[in-house]
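Written below as structure tokens is the structure these notes are about.
Only the coordinates and a few stated rules stand behind these numbers; no lab work does. Quick caveat: nothing in here was measured; it's all calculated off a predicted structure. Backbone-built Cβ (ideal geometry, glycine too); neighbour counts: all protein chains shown.
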Amino acid sequence: MAENSRPSKEALMQTALDAVPETGEISYREWYEGLVQSGNHAAVGFYRELKSRGLVSSAVVANPDGTISHKIGRAR
Amino acid sequence: MAVAIYFTVQDSDADKSTFEFWFPSATAMAVITAGVPAIAALVNPLLNGGLVNAGFKVEVDLSGTWGPIAALISDVQEKAEFSMRTLNGFLTRLNLPTFDENFFTVGTGQVDTADPDVAAFIDFLEDGITVGGGLLAPSSPRGATEDVVTVEKAIENWGKRRR
């Protein structure tokens, strides 16, 4: 009988957190696409959980050229 | 009295719908002014509609970045509803008309909150946006400074279907 290889919720959340650098910040889009391209699409759904637990924080900034920066980092 | 930034969008039938964001009255006017195109950059990717006008009692011309031409599939009845909780527990809702259905999780009536464009918009609702040298943080339209702290739900909110 084959084992159920589906990752647990906590494992997915850890995967999502591990993709956020220990120091500094990363653009949300880069974080998201990195997880998708590495085969961890399911982990992106846990961003809001990480935020609600106080593990990550975000910053939305309007740039002078009219673009928007959306960055996330480990909460201090 | 709270200050509102508004956007009026239209669909391919030229039907119009306006939605607003409320901010504390103490927010500097320079920040409010700079916030209009900034919030437009957050909302534009989520919608199929064309922008008719935007501003805070004064129209702001954004035709260079978001013109009035609407996608053929746009419809002001196709909305996403964001339910938000304020600091003191009040519930406030925002409906975005002409919402692009590609931002719904397939097979559900839920907005895909993980999508990068959606996530940026939600984080703006919860934490505000840094613009014009200040922080523009949405509040409820209750006439007081009820800061939005959490987006609890983001769902499909289609209007009445005509048969």
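Observations on the structure shown:
- Chain A - mean residue ellipticity at 222 nm from DSSP helices (-39,500 (n - 2.57) per run, n ≥ 4, rounded to 500): -9500 deg cm²/dmol
- Among the chymotrypsin sites (Phe, Trp or Tyr not before Pro) in chain A, none is located in a DSSP loop while being surrounded by at most 13 other Cβ atoms within 10 Å of its own Cβ.
- Only Lys, Arg, Asp and Glu carry charge here, each on its Cβ (+1 for the first two, -1 for the last two); on that basis the range B:43-159 has a dipole of about 380 debye about its Cα centre.
- For A:36-48, mean number of other protein chain Cβ atoms within 10 Å: 2
- Calculated FRET value between B:Ala14 and B:Glu152, using beta carbons and R₀ = 30 Å, to 0.05: 0.35
- Neighbouring Cβ atoms from other chains, within 10 Å of the Cβ of residues in B:16-23, number 0 on average.
- 0 to 90° range, to nearest 10: angle between helix A:9-18 axis and chain A longest Cα axis: 40
- Each Lys or Arg adds one and each Asp or Glu subtracts one; over the other residues with Cβ under 13 Å from the Cβ of B:Ser12, this totals -4.
- Where Cα atoms sit under 20 Å apart: lysine pairs in the protein assembly as shown separated by 8 or more or lying on different chains: 8
- Packing order of peptides A:33-43, B:42-52, A:53-63, highest average first: B:42-52, A:53-63, A:33-43 (average count of other Cβ atoms within 10 Å over each peptide's residues).
- For the range B:19-115, trypsin sites (Lys or Arg not before Pro) are listed when DSSP marks them as loop and at most 14 other Cβ atoms sit within 10 Å of their Cβ; the list is B:Lys57.
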